[in-house]
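Trainee: Once you've had a glance at the structure underneath, I'll fire off some questions.
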Amino acid sequence: MNFDPRYSGRNFSSVGTRPIRPDGIDKVTGRARYGADFNMAGQLVGRILRSPHAHAVIKKIDTSKAEKLAGVKAVITAKDLPDLTDGDAAMYDILDNSMARTKALYDGHAVAAVAAIDARIARQALKLIEVDYEVLPHITDVDEAAQHHAPLINDQIFTEGLEEKPAKPSNVTKRTQFGHGDVHKGFAQADFIVERSFKTEQTHQGYIEPHACVASVNPDGTADLWVCTQGHFVYRQHCAQLLGLEASKLRVTSSEIGGGFGGKTHVWAEPVALALSRKAGRPVKLVMTRDEVFRASGPTSATSIDVKIGARKDGTITAAEATLRYSCGPYAGSWAEIGAMTAFACYNLENVKTVGYEVLVNRPKTAAYRAPSAPMAAFAVESAVDELAHELGMNAVDFRIKNAAQEGTRASYGPVYGPIGIGPTLEAVKNHPHMKAPLKANQGRGMACGFWFNFGGQTCTDLNIGMDGSVSLAVGTVDVGGSRASLSLVAAEELGIDYSQVKAIVADTSSLGYNDMTDGSRGTFSSSMATISAARNAIKILRDRAAQMWDIPVDDVVWEKGHAIAKGEKYGNLSPLSLKDIAAKSGTTGGPIAGHSELVADGAGVSFATHICDIEVDPETGATRVIRYTVVQDAGKAVHPTYVEGQYQGGAAQGIGWALNEEYIYGKDGRLQNAGFLDYRIPVCSDLPMIDTQILEIPNPNHPYGVRGVGETSIVPPLAAIANAVSNAVGVRMTHIPMSPPRILAALDAEREG
Amino acid sequence: MVEVTLWGSLSAVAGGKSRHDIEAKDIRELFRKLAEQYPGIEPWIDRGIAVAIDGTIYRDTWSKELPPGAEIFLLPRLAGG
Amino acid sequence: MAGVAVSTTINGDAVEYLCQPDETLLEVLRDRLGLTGAKEGCGTGDCGACSVIVDGRLVCSCLVLGAEAEGRKVETIEGMAHGDQLHPLQQKFLEHAALQCGICTPGFLIAAKDLLEKNPSPTEEEIRFGLAGNLCRCTGYDKIVRAVQDAAEVMKGA
């Protein structure tokens with residue numbers, strides 16, 4: 001409990017090296033087991049029937065024909081998932097999203113499900129379920145949905161956060177506001193003002209592994225769930241609450257996860273699989289198809305953002321203002337709120353105001369996607385910042401450096417910053433050879449900054465020392481990108497042993513205490529803190545055991561470089577005892593040696609990045625090509641630098657896809673028209689260049705090794721950096737993401753026509 | 001006594017005031033006193049409020065002490081990806 | 001529906017199975033034979049996670065019928081290592097951290113093996129276009145391309 005998380009500025013021997021990950025061999029040989037790779041005896045196949053309508057009242061569901069089909073073992077509707085949420089509005093939304101109760105709220109909304117002896121019979125059974133819909137007017141556009149005359153999605157919702165409670169319901173669920181100073185006064189002091197509106201389209205996290213689980217509910221109320229998730233403990237809580245199970249009797253095992261990026265922080269099919277298993281009395285495997293993943297899981301918000309920034313001739317920003325409208329799907333969310341907090345976080349502003357509006361639309365429930373909501377806000381703000389720099393006749397990097405936040409700056413979202421890395425990333429970019437490389441015709445260079453909070457949270461870790469001196473580390477955060485390697489490095493560092501002596505695993509919910517969701521870039525930050533704490537607890541025991549073996553007071557024993565050392569000249573004849581020596585005798589010195597840690601990892605350090613990219617645009621077709629890309633980001637301390645680089649590169653690639661290609665396209669009928677990887681095109685290998693990275697290390701004062709989260713910030717700058725590059729290449733300000741070839745051509749045509 | 005600043009939307013349920021002087025030794029006491037003074041804040045606390053103390057954001061450590069003279073700022077508790 | 005009897009060779013071993021006429025090779029591999037190394041990312045031939053080699057040709061096993069394997073030679077990720085000796089591509093993927101979540105890795109390894117067998121000295125561009133049928137959402141492909149380049153060097157020296 002007396003764990004001191006403060007940064008101590010030590011020298012490292014394991015941390016900062018680049019060993020092979022412990023789970024690697026299983027992943028290159030095909031042995032690693034993901035969500036769909038697990039089976040149980042007597043298992044049935046579950047399938048979900050989904051609404052083809054964007055908005056419809058479910059008048060009646062007749063399942064009788066499906067139930068009679070040979071091989072069908074259970075058919076369920078919302079009636080089989082009674083409302084046990086007890087006034088918890090957020091849980092009710094999760095329940096309703098898992099299985100529509102009275103209305104289908106988007107194309108793809110689940111309305112019924114079957115479990116059958118094989119996939120063919122299950123598919124056949126879905127066709128036999130008759131649903132009587134009363135189709136309602138729908139709305140999928142974020143701006144149209146916010147209008148007064150728009151079809152109402154939920155007539156119980158009145159906009160929160162207004163000075164006076166509104167008399168009429170609205171699709172706008174909430175207004176939030178952040179900032180300080182007086183923007184009117186600030187704009188009055190400005191010599192130049194840029195004011196623009198921007199739009200971004202909805203994207204999907206696009207993990208390659210569809211949602212998959214195997215659920216098994218026993219008649220005695222015990223249950224097992226095998227599932228690909230970013231947070232098996234949170235899934236356990238949600239499923240237990242929705243199914244009326246006792247949490248400790250539901251054992252959830254997190255499979256290897258084939259990508260999440262925020263999209264596997266949310267239950268969809270898991271409560272349905274459990275309900276099917278409960279009704280059928282057999283295990284049920286439920287795997288989403290790619291079409292279902294697009295139509296019914298994920299996506300981000302679509303957004304519409306107005307930005308206004310003013311500056312004096314000397315380049316000082318005098319005021320900044322933004323209004324952000326974010327789509328939430330058909331359920332209330334806080335997505336615009338995050339956008340409003342992050343929008344101007346990179347800058348030192350005397351007068352700043354942001355207002356966010358959460359907007360309901362008939363699209364899937366918005367889920368987190370890597371630094372959720374921040375990339376869109378950064379796109380709008382960083383585009384306007386670039387334009388203002390041009391108007392001032394200042395270099396875009398110098399303009400940002402002049403206005404960058406630093407230690408002591410009041411953040412636009414409220415508090416005062418501690419030591420932060422925005423200035424150093426900008427200086428690194430200014431001096432980077434990429435900024436000086438020549439450009440050819442039709443090529444443009446852009447740069448942009450990004451910010452993300454990073455989270456900590458409840459974390460629990462067990463460290464067990466075997467009698468042969470090997471160490472097993474059980475963690476409760478899911479390994480989404482190599483954290484078992486980084487956490488093994490941390491355990492090795494703290495114990496003073498070799499990395500190869502440590503084996504890290506992700507424990508199931510019955511083997512370890514509760515852990516929060518692996519989100520907010522917290523995996524390595526939080527679990528490394530818990531691992532350090534667990535290792536220090538184990539060292540106390542190791543010292544005690546060494547003292548017993550030597551028969552001296554424990555206070556005379558210190559732990560150095562993996563050995564117990566008797567301190568003082570009187571012990572000159574006592575050779576150091578290695579961890580292995582002490583472990584070998586553990587049976588007779590008090591039994592197994594272990595270190596545990598349960599803590600709240602708070603104080604995650606905020607993170608900043610600056611990206612540079614070069615884009616070539618074909619003015620005839622509007623086609624774009626990324627020529628060169630560089631990421632500079634503060635990691636606090638890179639525990640395993642190769643995987644830190646991997647996070648930087650992966651986030652940049654996702655941002656590139658979002659900026660140039662990816663978008664949900666809805667027809668007038670409210671149906672998603674591109675629910676597959678052929679028509680929703682994520683970047684492939686031939687679309688991208690190598691992605692250069694530069695890791696900066698500005699220690700987080702609230703972590704013993706200085707670690708900050710690194711996973712999310714890298715997706716924040718790309719939309720803006722690429723928009724700035726395209727705008728510079730074609731000489732027209734791009735204001736609508738993605739900048740697909742038709743949109744670029746339309747912008748060029750509009751410019752020609754004046 | 002510590003000076004606490006609330007973010008825009010929260011100040012709307014705290015008498016429209018963004019700055020409050022409150023006698024509280026830690027986050028738990030701060031939340032309790034705020035809720036006593038402004039009952040409208042309670043649902044917000046249940047939904048989650050993060051506390052920035054001198055720029056470091058605390059989301060769950062309610063035992064965290066509030067040092068005199070510290071910069072205390074309340075923020076919404078956010079979701080991540 | 002009557003099953004189709006199929007005799008085939010998988011990773012060098014003679015294998016016989018019964019499958020439905022509309023069953024894909026991917027379903028047969030995963031659900032009948034327990035070879036779950038090939039993954040289903042899309043079921044429509046867009047992601048390459050289910051890549052296998054059939055008679056020397058790289059295919060998406062979700063687009064091949066199980067019945068079509070009759071009399072052919074199928075190579076999957078499970079047969080890529082020789083005993084405890086990893087294929088150089090497998091080793092280089094580990095060394096370069098060319099995987100994060102790893103779901104696309106079996107498909108990439110099979111596709112890269114096919115690429116290097118046909119073109120032992122590919123340029124970066126040839127690697128990028130050769131692997132363009134495989135989707136990875138984690139890495140940005142940088143480390144995958146480097147791993148394949150490095151493996152090609154090692155294999156040429158061997």
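Trainee: A:GLY408 - would you say it is at pLDDT below 95, at positive phi and either assigned by TED's automatic domain parsing to the domain that holds A:ALA653 or under 26 Å from the mean Cα position of the chain (by Cα) (or both)?
Mentor: Answer is yes for this residue.
Trainee: Quick check: anything in region A:111-124 loosely packed, with under 15 Cβ neighbours inside 10 Å and either without any contact (Cβ under 8 Å) to a residue 24 or more places away in the chain or touching a Lys or Arg at 6+ places or on another chain (Cβ under 8 Å) (or both)?
Mentor: Checked region A:111-124: at least one residue is loosely packed, with under 15 Cβ neighbours inside 10 Å and either without any contact (Cβ under 8 Å) to a residue 24 or more places away in the chain or touching a Lys or Arg at 6+ places or on another chain (Cβ under 8 Å) (or both).
Trainee: Hey, another quick one. Restricting attention to region A:545-562, does a residue exist that is closer than 25 Å to A:TYR514 by Cα, surrounded by fewer than 16 Cβ atoms within 10 Å (Cβ to Cβ) and outside the structural domain of A:VAL381 (by TED's automatic domain parsing)?
Mentor: Within region A:545-562, none of the residues are closer than 25 Å to A:TYR514 by Cα, surrounded by fewer than 16 Cβ atoms within 10 Å (Cβ to Cβ) and outside the structural domain of A:VAL381 (by TED's automatic domain parsing).
Trainee: Do the conditions hold for C:ALA69, that is, is it within 20 Å of C:GLN90 (Cβ to Cβ) and among the aliphatic types (A, V, I, L, M)?
Mentor: Here the answer is no, as C:ALA69 does not meet what is asked.
Trainee: What residue, of B:ILE72, B:ILE53, is within 9 Å of chain A (Cβ to nearest Cβ) and closer than 30 Å to A:PHE261 by Cα?
Mentor: B:ILE53
Trainee: Scan region A:686-696 and give yes if some residue there is more than 18 Å from A:GLU645 (Cβ to Cβ) and in contact (Cβ under 8 Å) with a residue 40 or more places away in the chain, otherwise no.
Mentor: yes
Trainee: Let me ask something additional. Given B:ARG19, B:ARG28, B:ARG77, B:ARG32, which one is at pLDDT below 85 and not aromatic (Phe, Trp, Tyr)?
Mentor: Among B:ARG19, B:ARG28, B:ARG77, B:ARG32, only B:ARG77 is at pLDDT below 85 and not aromatic (Phe, Trp, Tyr).
Trainee: At least 2 residues that are under 20 Å from A:ASP516 (Cα atoms) in each: list the strands (runs of 3 or more DSSP E) lying fully within region B:1-77 that qualify.
Mentor: B:49-53, B:56-58, B:72-76
Trainee: Residues that are touching a residue at least 24 places away in the same chain (Cβ under 8 Å), touching a His at 6+ places or on another chain (Cβ under 6 Å) and within 21 Å of C:LEU26 (Cβ to Cβ): does region C:52-66 have at least one?
Mentor: Within region C:52-66 (the criterion being touching a residue at least 24 places away in the same chain (Cβ under 8 Å), touching a His at 6+ places or on another chain (Cβ under 6 Å) and within 21 Å of C:LEU26 (Cβ to Cβ)), the answer is no, since none of the residues qualifies.
Trainee: Among C:LEU65, C:LEU99, C:LEU33, C:LEU89, which is the only one that is touching an Asp or Glu at 6+ places or on another chain (Cβ under 9 Å) and aliphatic (A, V, I, L, M)?
Mentor: Only one candidate passes the filter, namely C:LEU65.
Trainee: Look through A:SER510, A:SER483, A:SER470 and report the one residue that is within 14 Å of chain C (Cβ to nearest Cβ) and either surrounded by fewer than 24 Cβ atoms within 10 Å (Cβ to Cβ) or of a type in the set (Ser, Thr, Tyr) (or both).
Mentor: After ruling out the rest, the residue left standing is A:SER483.
Trainee: I need a count of the residues in region A:401-435 that are part of a loop (DSSP other than H, G, I, E, B) and free of Cβ contacts under 8 Å to residues at least 40 places away in the same chain.
Mentor: Total meeting the criteria: 4.
Trainee: Any idea how many residues of region C:97-123 are facing chain A (nearest Cβ under 8 Å) and either surrounded by fewer than 24 Cβ atoms within 10 Å (Cβ to Cβ) or among the hydroxyl-bearing types (Ser, Thr, Tyr) (or both)?
Mentor: Final tally of qualifying residues: 1.
Trainee: Considering region A:416-448 alone, what residues qualify as being over 19 Å from A:TYR629 (Cα atoms) and within 14 Å of chain B (Cβ to nearest Cβ)?
Mentor: A:VAL416, A:TYR417, A:GLY418, A:PRO419, A:ILE420, A:GLY421
Trainee: Here is a check on your reading of the model: is A:GLU382 outside any loop (DSSP other than H, G, I, E, B), touching a Lys or Arg at 6+ places or on another chain (Cβ under 7 Å) and of a type in the set (D, E, K, R)?
Mentor: In short, no.
Trainee: May I ask you to verify whether A:LYS174 is assigned to a strand (DSSP E or B), outside the structural domain of A:ALA368 (by TED's automatic domain parsing) and either at pLDDT below 95 or more than 16 Å from A:ALA322 (Cβ to Cβ) (or both)?
Mentor: Against the criterion (assigned to a strand (DSSP E or B), outside the structural domain of A:ALA368 (by TED's automatic domain parsing) and either at pLDDT below 95 or more than 16 Å from A:ALA322 (Cβ to Cβ) (or both)), A:LYS174 qualifies.
Trainee: Suppose we filter region A:654-672 for residues that are closer than 16 Å to A:ALA448 by Cβ, touching a Leu at 6+ places or on another chain (Cβ under 8 Å) and either within 11 Å of chain C (Cβ to nearest Cβ) or surrounded by fewer than 24 Cβ atoms within 10 Å (Cβ to Cβ) (or both); how many remain?
Mentor: Matching residues across region A:654-672 total 2.
Trainee: I'd like to know if region A:167-186 contains one or more residues that are away from chain B (no Cβ under 14 Å), within 21 Å of A:ALA302 (Cβ to Cβ) and not charged (D, E, K, R).
Mentor: Looking through region A:167-186, at least one residue is away from chain B (no Cβ under 14 Å), within 21 Å of A:ALA302 (Cβ to Cβ) and not charged (D, E, K, R).
Trainee: Collect the residues in region A:378-395 that are small (Gly, Ala, Ser) and surrounded by fewer than 24 Cβ atoms within 10 Å (Cβ to Cβ), keeping them in residue-number order.
Mentor: Those that are small (Gly, Ala, Ser) and surrounded by fewer than 24 Cβ atoms within 10 Å (Cβ to Cβ): A:ALA389, A:GLY393.
Trainee: Something else now. Do you know which residues across region A:27-51 are within 23 Å of C:ALA49 (Cα to Cα) and touching a residue at least 24 places away in the same chain (Cβ under 8 Å)?
Mentor: Matches in region A:27-51: A:LYS27, A:ALA32, A:ARG33, A:TYR34, A:GLY35, A:ALA36, A:ASP37, A:PHE38, A:ASN39, A:VAL45, A:GLY46, A:ARG47.
Trainee: Among the residues that make up region A:672-692, is at least one of them farther than 29 Å from C:GLY102 by Cβ and either assigned to a loop (DSSP other than H, G, I, E, B) or assigned by TED's automatic domain parsing to the domain that holds A:GLY481 (or both)?
Mentor: Yes; the residues of region A:672-692 include at least one that is farther than 29 Å from C:GLY102 by Cβ and either assigned to a loop (DSSP other than H, G, I, E, B) or assigned by TED's automatic domain parsing to the domain that holds A:GLY481 (or both).
Trainee: I would also like to ask the following. Since A:ARG10 meets every condition but one in (1) assigned to a loop (DSSP other than H, G, I, E, B); (2) within 14 Å of chain C (Cβ to nearest Cβ), which condition does it not meet?
Mentor: Answer for A:ARG10: the failing condition is (2).
Trainee: Given the structure, is A:ALA371 part of a helix (DSSP H, G or I) and either assigned by TED's automatic domain parsing to the domain that holds A:GLY310 or modelled with pLDDT under 95 (or both)?
Mentor: no
Trainee: Looking only at residues in region A:236-255 that are buried (at least 23 other Cβ atoms within 10 Å of the Cβ) and not in a helix (DSSP H, G or I), which one is nearest to the other protein chains (Cβ to nearest Cβ)?
Mentor: A:SER255
Trainee: Within region C:124-152, track down each residue that is touching a His at 6+ places or on another chain (Cβ under 7 Å), surrounded by 20 or more Cβ atoms within 10 Å (Cβ to Cβ) and more than 8 Å from every other protein chain (Cβ to nearest Cβ).
Mentor: Result: C:ALA147, single match.
Trainee: Sticking with this one: Conditions: (1) assigned by TED's automatic domain parsing to the domain that holds A:ARG123; (2) part of a loop (DSSP other than H, G, I, E, B). A:TRP226 meets all but one. Number of the miss?
Mentor: If we test A:TRP226 against (1) assigned by TED's automatic domain parsing to the domain that holds A:ARG123; (2) part of a loop (DSSP other than H, G, I, E, B), just (2) comes out false.
Trainee: Please go through region C:58-96 and pick out each residue that is hydroxyl-bearing (Ser, Thr, Tyr) and more than 8 Å from every other protein chain (Cβ to nearest Cβ).
Mentor: Scanning region C:58-96 gives a single hit, C:SER61.
Trainee: Of the conditions (1) crowded, with 23+ Cβ neighbours inside 10 Å; (2) at pLDDT 95 or above, A:ARG708 satisfies every one except a single condition; which number is it?
Mentor: Failing condition for A:ARG708: (2).
Trainee: A:ARG370 is checked against (1) within 14 Å of chain B (Cβ to nearest Cβ); (2) crowded, with 24+ Cβ neighbours inside 10 Å; (3) over 18 Å from B:GLY81 (Cβ atoms); (4) of a type in the set (Lys, Arg) and fails just one. What number does that condition carry?
Mentor: Going through (1) within 14 Å of chain B (Cβ to nearest Cβ); (2) crowded, with 24+ Cβ neighbours inside 10 Å; (3) over 18 Å from B:GLY81 (Cβ atoms); (4) of a type in the set (Lys, Arg) one by one, A:ARG370 breaks only (3).
The values are calculated or read from the model by the stated rules, or taken from the named source; none is laboratory data. Note that this is a predicted model, so its numbers are computed, not measured. Quick reminder, even Gly has a Cβ in these numbers, built from the backbone with ideal geometry, and neighbours come from all protein chains shown.
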